[in-house]
1. Give the residues of region 485-513 that are in contact with a strand residue (DSSP E or B) (Cβ under 7 Å, 6 or more places away or on another chain), farther than 19 Å from residue 386 by Cα and assigned to a helix (DSSP H, G or I), sorted by residue number.
2. In region 315-337, is there at least one residue being part of a helix (DSSP H, G or I), crowded, with 21+ Cβ neighbours inside 10 Å and modelled with pLDDT of 75 or more?
3. Being touching a helix residue (DSSP H, G or I) at 6+ places or on another chain (Cβ under 8 Å) and either assigned to a helix (DSSP H, G or I) or modelled with pLDDT under 85 (or both) is the filter; apply it to region 237-254 and report the residue that is nearest to residue 197 (Cα to Cα).
4. Take region 437-465 and flag every residue that is closer than 21 Å to residue 491 by Cα and either outside any helix (DSSP H, G or I) or modelled with pLDDT of 90 or more (or both).
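The values are calculated or read from the model by the stated rules, or taken from the named source; none is laboratory data. Since the model is a prediction, treat every value here as computed from it, not as a measurement. For neighbour counting, all protein chains shown are included, and Cβ atoms are generated from backbone atoms with ideal geometry for every residue, glycine included.
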């Protein structure tokens with residue numbers, strides 16, 4: 001192993017020999033640094049006018065000598081040293097500051113990023129005084145945003161912190177915090193991240209929806225980090241400074257997961273996870289995980305697995321820590337851990353098998369639609385943004401008991417019911433999977449068999465939650481998806497749901513603006529105008545295309 005690391009150019013042979021001799025020095029394990037060693041590196045650093053650093057393991061052995069410039073040292077890759085959950089790196093860094101300054105922000109960031117046992121500074125004194133020592137360690141649980149503690153400075157000859165005792169106490173506390181979080185129902189604790197050039201309000205709306213998605217997935221959200229940039233960083237998406245801030249926030253808040261609102265490409269996931277020792281997923285992976293939790297039917301499970309494998313295929317190019325963090329738990333449902341680690345060829349084979357299976361599903365659905373067409377039963381399909389109240393409306397209209405939950409994507413598997421209008425006309429009314437802004441392309445492709453049901457609809461009910469402050473954006477998202485599916489020519493009624501949750505004047509304004517019908521899907525008495533409009537549209541459609549089928 002190369003033990004002398006850094007910028008040694010321009011040093012004299014004698015100075016290099018003095019640096020190399022540092023390897024043979026040992027430090028009592030309980031001491032952060034010995035008095036004699038502190039004096040030696042302080043004197044040498046002042047002579048060469050460069051920072052000098054030592055990486056020391058818990059036995060007191062010096063494993064690397066670092067040489068920087070007058071401003072900083074660079075710590076080499078230390079990934080070979082242990083870093084388990086609830087544990088620190090097993091290394092401490094002691095280095096000089098030639099102008100006598102205390103620990104800097106960069107020092108504290110390295111402490112947090114690398115999860116070192118200790119970060120220390122040995123001052124270079126010019127008055128003959130013993131060097132002053134500054135120390136900091138990670139703070140496992142903190143009510144502030146600073147996940148570290150600065151210890152009072154002391155002179156090198158003074159009694160100072162008991163190193164091993166302090167480190168063991170810190171690891172005990174880290175383990176206790178981890179155990180506490182596991183005791184909270186084994187929920188992941190997530191930090192939400194957004195990098196955007198949009199307005200503050202738009203960004204806030206996006207994070208609000210990401211938070212709802214995370215909560216719907218059973219995740220505890222512990223905070224968010226936002227960066228406004230004209231252009232995203234090609235390597236990290238975030239800027240380097242913001243990435244360091246994110247690392248500190250992970251430690252301060254005890255996060256176990258980072259969720260990006262923007263889709264990450266494979267190289268960005270690798271770069272970020274190489275910098276931060278934590279699982280990283282994006283919005284697409286979160287939505288896929290929700291779908292994997294919700295899918296009940298064989299068809300739904302096939303569709304979700306297909307979407308997940310298509311998403312993961314480019315991320316299987318190389319097996320690294322980024323991929324290992326996508327296995328198990330949030331982001332690892334559906335295909336399962338073993339399938340996430342198979343090679344690209346077998347993944348493509350599995351994708352081909354799934355597509356053949358879903359091809360059969362599409363064929364069966366086509367046959368069912370043909371049978372319904374022979375019976376001349378009109379079809380009404382309910383569409384809308386996720387959690388807008390589609391299943392509730394279906395239940396109230398048909399007096400059925402389809403699953404209803406106040407969370408995103410509660411319904412994945414479509415359900416159909418018969419509905420009889422007052423004019424003794426019978427129709428089939430179908431609930432569909434909810435839409436969402438920027439619905440992952442692979443999901444749209446995978447759920448094509450389900451979404452093709454909409455092609456045979458005689459009427460669409462677009463359910464809109466007008467109590468949601470983002471409902472206008474949701475309308476645009478849904479109708480954009482309908483256009484992408486080439487369904488924009490099907491007759492549609494805008495159903496303005498949850499009118500009871502807004503004031504009457506707001507409901508009237510929204511009704512006029514969007515030419516919709518206000519309802520409260522939980523109250524059948526409010527549905528009469530909607531039923532009359534549906535019946536009129538079906539009668540008109542039937543007279544145009546085929547005679548109405550009286551029951």
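1. The answer is 507, 510, 511.
2. Checked against the condition, which is being part of a helix (DSSP H, G or I), crowded, with 21+ Cβ neighbours inside 10 Å and modelled with pLDDT of 75 or more, region 315-337 yields no hits at all.
3. Once the filter is applied, the top-ranked residue is 243.
4. 457, 458, 459, 460, 461, 462, 463, 464, 465
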